[in-house]
Amino acid sequence: MSSSGTSNLRPDLAAIAEMIPDGARVLDVGCGDGALLEYLVRTKHVDGRGIELSQQNVNACVARGLAVVQGDADADLAEYPGGVFDFVILSQTIQATEKPAQVLADMLRIGRQAAISLPNFGHWRVRLSLLVGGRMPRTEALGYYWYDTPNIHLCTIADFVDLARKNGAVIDRALALKHDTVAGEMRPDAWGPNLFAQGAIFLLRKS
Amino acid sequence: MTETANPRFLRPLSAPGADAGKAVSFGPDKPLALDCGRILSPFTIAYMTYGTLNDAKSNAILICHALTGDQFVASDHPVTGKPGWWTMMVGPGKPIDTDRFFVICANVIGGCMGSTGPADTDPTTGKPFALDFPLVTVRDIVRSQAMLLDALGIETLLAVTGGSMGGMQALQWAASYPKRVRAVMPIACAARHSAQNIAFHEVGRQAIMADPDWKGGEYQLHGTRPSKGLAVARMAAHITYLSEAALQRKFGRNLQNREALSFQFTPDFQIESYLHHQGASFVDRFDANSYLYITRAMDYFDLAEDYAGHLADAFRDSPNRFCIISFTSDWLFPTVENKRVAHALNAVAAQVSFVEIKTDKGHDSFLLDEPEMFDTVRGFLNSVATGVA
């Protein structure tokens with residue numbers, strides 16, 4: 001666990017890491033096994049905290065010396081006071097929350113900036129799969145059957161952009177993802193990424 | 001203030017070769033002002049240390065013991081001859097590594113293992129305090145520990161930790177002396193004693209007081225000991241330290257040394273003889289009045305009460321790092337109570353970790369072989385000591 005570059009991080013996490021300034025106060029919601037958080041703490045010297053649903057992951061994080069609490073975004077973000085974090089991260093998780101709008105609102109309240117990555121249900125494969133196959137899409141990025149998926153609130157890039165603006169968020173940056181690698185910057189309102197990007201990362205702040 | 005090599009114990013030593021630790025006596029110039037309004041002076045704190053204090057005095061960890069625990073954390077008990085109560089956690093190379101850290105554990109005031117308690121002589125009467133001993137609180141206990149640290153010349157602790165009532169003390173440290181400690185690790189505890197927990201304690205106290213040998217608390221003057229009442233108190237309490245699943249797994253309905261039910265009231269079942277043994281061995285080492293006083297200290301503990309009911313305010317602007325550990329099968333201090341503390345810490349953006357360990361061994365899990373707990377403690381202390389994360 002002593003990598004000095006972002007090379008060991010999953011590319012989408014590395015892209016989020018690059019957005020975060022040195023020494024920032026960071027809350028990683030759904031921090032998993034703590035890979036991103038540990039990288040940020042060790043390399044960017046952030047004051048990092050995590051929330052993670054899986055107790056097994058939490059225990060692993062704490063054993064790695066990270067400050068992580070077992071909890072979930074839906075129930076526990078409400079506990080956090082406003083404006084104490086510079087940066088709140090939600091990586092590939094918003095589609096699995098019960099109340100995505102509330103989670104997004106809480107993130108914008110808690111942090112000065114928020115980074116959110118999500119799978120794009122508007123990708124052409126998803127559209128084609130439903131159109132041609134007539135069944136709920138199963139793709140590389142979204143491999144679950146309809147009956148066992150944790151992704152209960154899937155959305156397209158355009159859908160998310162709408163929700164973000166409705167929550168009074170300003171989109172400072174938007175990156176298109178091809179699987180988990182960054183394909184490049186995108187215009188959030190353009191039709192192209194909504195059709196061709198498998199996912200997206202947004203850097204948001206409250207207007 | 002005087003330091004003595006050998007604390008005075010109520011009971012004879014069965015392991016005279018074991019390290020009996022040290023004691024500090026605080027004279028009239030160092031009184032302990034108690035929450036009940038009374039003053040305890042003079043008084044003594046008996047304690048043990050393990051490892052070596054470094055030159056910077058920055059590697060001290062205070063371990064706070066539970067209700068019936070004592071200062072003999074990691075070495076043989078001079079009175080019982082048994083191994084220390086946390087030898088799996090504390091020692092050379094252990095999660096609380098005494099090759100690296102200087103570990104201090106003090107017997108609580110009100111206790112019966114060398115610190116001033118109800119069995120000691122009241123200097124104003126020349127008789128044992130008994131029920132004239134003032135009621136002490138967890139906050140009083142912590143205040144006395146701070147005085148001990150002053151006496152040892154230690155300004156700041158690297159960490160304070162403990163399970164059960166020891167965890168309560170750790171939380172009280174965070175509230176009372178946030179600048180004198182860096183990391184706080186309460187295990188299997190709560191920020192308040194619940195109604196159910198108070199209820200169990202009251203059963204225990206009533207069992208002691210109902211014993212004719214208790215003599216209104218003055219059993220020392222009468223040359224008696226309320227052993228039966230204290231044993232029953234211990235038996236009832238011991239059930240709360242375990243879990244239904246663990247009892248079933250360990251004992252089931254197995255019979256003790258017999259093939260068939262006896263149709264009498266002698267112990268037929270293994271669980272009965274186990275509890276009898278727990279009760280009997282406890283009275284050999286513990287003072288009945290101390291049990292009354294320390295259970296009361298736990299009952300009175302409600303950290304939020306000191307902050308107008310807002311637990312989060314106990315930790316406002318806390319510079320401390322917290323690691324809270326609970327156990328799935330602990331119904332005495334269940335996860336929900338531990339998590340309440342974590343939520344309060346979140347609410348003031350304190351740096352907190354919360355880990356729930358899956359086990360069927362109940363409240364006592366913190367004393368047992370729980371590898372995930374050891375990994376957590378090791379990781380947390382390591383990150384605190386190295387300043388990482």
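A few points about this structure:
- Residue check: B:P123 meets all listed conditions (1) in contact with a strand residue (DSSP E or B) (Cβ under 9 Å, 6 or more places away or on another chain); (2) farther than 16 Å from B:I45 by Cα; (3) not polar (S, T, N, Q) but one, namely (1).
- Residues in the range A:33-50 that are buried (at least 22 other Cβ atoms within 10 Å of the Cβ) and more than 9 Å from chain B (Cβ to nearest Cβ): A:G34, A:L36, A:Y39, A:L40, A:V46.
- The residue of the range B:336-359 that is nearest to B:H238 (Cα to Cα), among those that are among the polar types (S, T, N, Q) and crowded, with 23+ Cβ neighbours inside 10 Å, is B:N338.
- None of B:W214, B:W173 is in the same structural domain as B:I39 (by TED's automatic domain parsing) and among the aromatic types (F, W, Y) except B:W173.
- Here A:T139 clears all of (1) of a type in the set (S, T, N, Q); (2) within 13 Å of chain B (Cβ to nearest Cβ); (3) in contact with a strand residue (DSSP E or B) (Cβ under 9 Å, 6 or more places away or on another chain) except the condition numbered (2).
- Output for the range A:73-94, where each listed residue is part of a helix (DSSP H, G or I), among the charged types (D, E, K, R) and more than 10 Å from chain B (Cβ to nearest Cβ): A:D74
- Only one of the numbered conditions (1) surrounded by 21 or more Cβ atoms within 10 Å (Cβ to Cβ); (2) within 24 Å of A:T149 (Cα to Cα); (3) more than 14 Å from chain B (Cβ to nearest Cβ) is not met by A:E98, and that is (1).
- Summed over the range B:85-136, the residues that are touching a Cys at 6+ places or on another chain (Cβ under 9 Å) and closer than 13 Å to B:V73 by Cα give a count of 4.
- When the residues of the range B:285-319 are filtered to those that are within 14 Å of chain A (Cβ to nearest Cβ) and crowded, with 23+ Cβ neighbours inside 10 Å, the one that is nearest to A:A63 (Cα to Cα) is B:F315.
- Complete set of residues in the range B:10-40 that are part of a loop (DSSP other than H, G, I, E, B) and buried (at least 18 other Cβ atoms within 10 Å of the Cβ): B:A18, B:A20, B:G21, B:L34
- Which listed residue is at pLDDT 95 or above and outside any strand (DSSP E or B), from A:A141, A:A158: A:A158
- Considering residues of the range B:335-380 that are out of contact with any strand residue (DSSP E or B) (no Cβ under 8 Å at 6 or more places or on another chain) and among the aliphatic types (A, V, I, L, M) only, the residue farthest from the other protein chains (Cβ to nearest Cβ): B:L368
- Residues that are among the charged types (D, E, K, R), in a helix (DSSP H, G or I) and surrounded by 18 or more Cβ atoms within 10 Å (Cβ to Cβ) do not occur anywhere in the range A:54-72.
- Criterion (assigned to a loop (DSSP other than H, G, I, E, B) and either outside the structural domain of B:A46 (by TED's automatic domain parsing) or closer than 30 Å to B:R378 by Cα (or both)) met by exactly one of B:P118, B:P78: B:P78
- Of all residues in the range B:318-343, those that are not assigned by TED's automatic domain parsing to the domain that holds B:A237 have Cβ atoms under 6 Å from Cβ atoms of residues that are acidic (D, E), 6 or more apart or on another chain, in B:S326/B:E356; B:S329/B:D360; B:T335/B:E356; B:H343/A:E79.
- In the range B:346-365, the count of residues that are assigned to a helix (DSSP H, G or I) and out of contact with any helix residue (DSSP H, G or I) (no Cβ under 7 Å at 6 or more places or on another chain) is one or more.
- Number of positions in the range A:10-52 that are part of a strand (DSSP E or B) and touching a residue at least 60 places away in the same chain (Cβ under 8 Å): 5
- Counting only helices (runs of 4 or more DSSP H) that fall entirely inside the range B:182-284 and contain at least 2 residues that are surrounded by fewer than 16 Cβ atoms within 10 Å (Cβ to Cβ), the qualifying elements are B:195-210, B:219-222, B:244-250, B:270-283.
- Condition met for B:S383 (within 9 Å of chain A (Cβ to nearest Cβ) and either within 27 Å of A:G65 (Cβ to Cβ) or touching a Phe, Trp or Tyr at 6+ places or on another chain (Cβ under 9 Å) (or both)): yes
- For the range B:238-259, the set of residues classified as within 21 Å of the chain's Cα centre (by Cα) and either touching a residue at least 60 places away in the same chain (Cβ under 8 Å) or not assigned by TED's automatic domain parsing to the domain that holds B:E272 (or both) consists of B:T240, B:Y241, B:L242, B:S243, listed by residue number.
- Residue that is modelled with pLDDT of 95 or more and assigned by TED's automatic domain parsing to the domain that holds B:R205, where the choices are B:L292, B:L368: B:L292
- Selected residue [out of contact with any helix residue (DSSP H, G or I) (no Cβ under 6 Å at 6 or more places or on another chain) and modelled with pLDDT of 95 or more] from A:A75, A:A24: A:A24
The values are calculated or read from the model by the stated rules, or taken from the named source; none is laboratory data. Because the structure is a prediction, the values reported are computed rather than measured. Methodologically, a virtual Cβ is constructed for each residue, glycine included, from the backbone with ideal geometry; neighbour enumeration extends over all protein chains shown.
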